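Structure first, commentary second.
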Amino acid sequence: NAGVTQTPKFQVLKTGQSMTLQCAQDMNHEYMSWYRQDPGMGLRLIHYSVGAGITDQGEVPNGYNVSRSTTEDFPLRLLSAAPSQTSVYFCASSLAGGENEQYFGPGTRLTVT
Amino acid sequence: EDQVTQSPEALRLQEGESSSLNCSYTVSGLRGLFWYRQDPGKGPEFLFTLYSAGEEKEKERLKATLTKKESFLHITAPKPEDSATYLCAVGEYGNKLVFGAGTILRVKS
C-alpha cells in the first residue's frame with residue numbers, strides 16, 4: 001500500500017492564480033481531510049469528507065474548494081491564490097472517522113508571491 | 001473555545017536524559033487523545049491513541065499517559081533519532097481533530 005500520496009511536493013504561485021493540490025489514498029478509508037500547517041501554529045482543518053459525494057468545512061475553509069467523486073481521491077482547489085495561503089498542506093485519511101487517528105500524506109509546500 | 005496547548009515549545013536533551021512533554025486540553029466531548037511524531041519535511045506519523053483517564057501506551061522509549069485535563073509523553077533514555085516535533089491532538093464530536101502547536105525535541109549525542 002502506498003498510503004496517502006500528495007502531488008506536487010512543492011509549488012510556487014503568483015497572486016491570483018488557481019491550482020489544484022492532489023491527494024489519493026489506497027486504504028479504502030471513507031474519511032479524508034485537508035490541513036494547513038503554519039509556523040508556531042497547530043495543524044488547522046480546511047475541509048473534510050466522510051465519503052464520496054459528501055464534503056464539509058473545517059476551521060479555515062475560505063479560499064479553498066473541495067470535491068469527492070471517488071473514495072480514493074480528494075483534491076483541494078485554490079480559487080485565487082493569496083500570499084496568506086503560503087503554507088504546508090497535508091492530506092489525511094481515517095478508517096474510523098475524523099475524531100479518530102488519521103494517517104497523513106507527505107505534504108505540499110506552497111508559496112504564493 | 002476548544003484548545004490544545006503543548007509545552008515546552010522546544011526541548012533540548014542529552015542522549016540518555018529522560019524527560020516529559022505536556023499536552024493540556026480544554027475540549028467538549030473528548031473522543032480520544034492522539035500523539036504524532038513529525039520529522040522535518042514530512043507528514044505527521046501516528047504514535048498513540050488514549051481514550052480514558054489512567055490509560056497508558058508504550059512504544060520503545062516512549063510512554064504516553066492521560067488524565068482528565070492533560071497528557072504526558074515520557075521519553076526514557078532518548079537517542080538522537082528521537083529528535084522530531086511531537087504533536088498532540090484531541091478528537092471531538094463532529095469529525096474533528098484539534099492539534100496543538102507541537103514540541104520540538106532535539107537530542108544530542
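The values are calculated or read from the model by the stated rules, or taken from the named source; none is laboratory data. Remember, predicted model here, so these are calculated numbers, not experimental data. Glycine gets a Cβ as well: all are built from the backbone with ideal geometry, and neighbour counts include every protein chain shown.
Just name the residue that is farthest from the other protein chains (Cβ to nearest Cβ) out of those in the range A:39-57 that are more than 16 Å from A:Thr20 (Cα to Cα) and under 11 Å from the mean Cα position of the chain (by Cα). Spell out the reasoning first.
The initial filter retains those residues of the range A:39-57 that are more than 16 Å from A:Thr20 (Cα to Cα), namely A:39-45, A:49-57.
Still in the list and also under 11 Å from the mean Cα position of the chain (by Cα): A:44-45, A:49.
Values: A:Arg44: 8, A:Leu45: 6, A:Ser49: 9 Å.
For the range A:39-57, the residue satisfying everything is A:Ser49.
So which residues in the range A:65-108 are at pLDDT below 95 and either within 23 Å of B:Leu50 (Cα to Cα) or over 15 Å from the mean Cα position of the chain (by Cα) (or both), if there are any at all?
Listed by number, the residues that qualify are A:Ser94, A:Leu95, A:Ala96, A:Gly97, A:Gly98, A:Glu99, A:Asn100, A:Glu101, A:Gln102, A:Tyr103.
Counting only residues that are free of Cβ contacts under 8 Å to residues at least 60 places away in the same chain and over 24 Å from B:Ala101 (Cβ atoms), give me the strands (runs of 3 or more DSSP E) lying completely in the range A:26-111 with at least 2 of them.
Where strands (runs of 3 or more DSSP E) fall fully within the range A:26-111 and carry at least 2 residues being free of Cβ contacts under 8 Å to residues at least 60 places away in the same chain and over 24 Å from B:Ala101 (Cβ atoms), they are A:44-51, A:54-57, A:64-66.
With the condition kept exactly as written, say whether any residue in the range A:72-87 is more than 10 Å from chain B (Cβ to nearest Cβ), in contact with a Gly (Cβ under 9 Å, 6 or more places away or on another chain) and under 23 Å from B:Ala89 (Cβ atoms).
yes
For the range B:66-83, check the following and say yes or no: at least one residue is closer than 30 Å to A:Ser87 by Cα, among the hydroxyl-bearing types (Ser, Thr, Tyr) and within 14 Å of another protein chain (Cβ to nearest Cβ).
Within the range B:66-83 (the criterion being closer than 30 Å to A:Ser87 by Cα, among the hydroxyl-bearing types (Ser, Thr, Tyr) and within 14 Å of another protein chain (Cβ to nearest Cβ)), the answer is no, since none of the residues qualifies.
What residue, among those in the range B:23-65 that are of a type in the set (Lys, Arg) and out of contact with any Gly (no Cβ under 9 Å at 6 or more places or on another chain), is surrounded by the fewest Cβ atoms within 10 Å (Cβ to Cβ)? Please lay out each step first, then the result.
Initial filter on the range B:23-65 (of a type in the set (Lys, Arg)): B:31, B:37, B:42, B:57, B:59, B:61, B:63.
Those left that are additionally out of contact with any Gly (no Cβ under 9 Å at 6 or more places or on another chain): B:37, B:57, B:59, B:61, B:63.
Details: B:Arg37: 20, B:Lys57: 15, B:Lys59: 11, B:Arg61: 14, B:Lys63: 16.
If we take residues in the range B:23-65 being of a type in the set (Lys, Arg) and out of contact with any Gly (no Cβ under 9 Å at 6 or more places or on another chain), then B:Lys59 is surrounded by the fewest Cβ atoms within 10 Å (Cβ to Cβ).
Considering the range B:29-51 alone, what residues qualify as being among the charged types (D, E, K, R), free of Cβ contacts under 8 Å to residues at least 40 places away in the same chain and part of a strand (DSSP E or B)?
Here is the first cut: in the range B:29-51, the residues among the charged types (D, E, K, R) are B:31, B:37, B:39, B:42, B:45.
Those still in the list that are free of Cβ contacts under 8 Å to residues at least 40 places away in the same chain too: B:42, B:45.
Correct list: B:Glu45 only.
Return the residue satisfying two criteria in turn: it lies in the range B:60-109 and is assigned to a strand (DSSP E or B) and over 15 Å from the mean Cα position of the chain (by Cα), and of such residues it is farthest from B:Thr26 (Cα to Cα).
Out of the qualifying residues, it is B:Lys108.
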